[in-house]
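Notes follow the structure.
The numbers here are math on the coordinates, done by the rules we state, and not lab data. Predicted, not measured: the structure shown is a model, and the values here were computed from it. Quick reminder, even Gly has a Cβ in these numbers, built from the backbone with ideal geometry, and neighbours come from all protein chains shown.
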Amino acid sequence: MPHTWRAYGDDPIRFQVTVTPGEFETFFERIAERNLTLADQAELAEVASAAGMDIVGPPLSDEEVAAIVSGERV
């Protein structure tokens, strides 16, 4: 199911996910191990693929996230 998620703002976040079957959790572990950011699109795609996912679009921009947070339609 295509969807999106992104942290917004300067505060650190805590993210809890429960998935079955496994492998999805390796996506986050590998991102943290490699210290990847949104700028590392090729490596993020590689990590996603190894966890059984495809990245199907560009990340949300700061402007798009701000609009969503404020309740505007994007």
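Note on the stretch 54-69: residues that are over 12 Å from the mean Cα position of the chain (by Cα) and more than 14 Å from Ala39 (Cβ to Cβ) total 7. Anything in the stretch 41-57 that is among the aliphatic types (A, V, I, L, M) and either farther than 16 Å from Pro2 by Cβ or assigned to a loop (DSSP other than H, G, I, E, B) (or both)? List them, or say none. Passing the criteria: Ala42, Val47, Ala50, Ala51, Met53, Ile55, Val56.
In this structure, is Asp11 within 14 Å of the chain's Cα centre (by Cα), surrounded by fewer than 10 Cβ atoms within 10 Å (Cβ to Cβ) and in a loop (DSSP other than H, G, I, E, B)? Spelling it out, it is not the case that Asp11 is within 14 Å of the chain's Cα centre (by Cα), surrounded by fewer than 10 Cβ atoms within 10 Å (Cβ to Cβ) and in a loop (DSSP other than H, G, I, E, B).
If you filter the stretch 22-40 down to residues that are of a type in the set (A, V, I, L, M, F, W, C) and in a loop (DSSP other than H, G, I, E, B), you find that the one that is nearest to Arg6 (Cα to Cα) is Leu38. Of all residues in the stretch 23-47, those that are closer than 19 Å to Gly9 by Cα have Cβ atoms under 9 Å from Cβ atoms of residues that are of a type in the set (D, E, K, R) and surrounded by 15 or more Cβ atoms within 10 Å (Cβ to Cβ), 6 or more apart or on another chain, in Leu36/Arg30.
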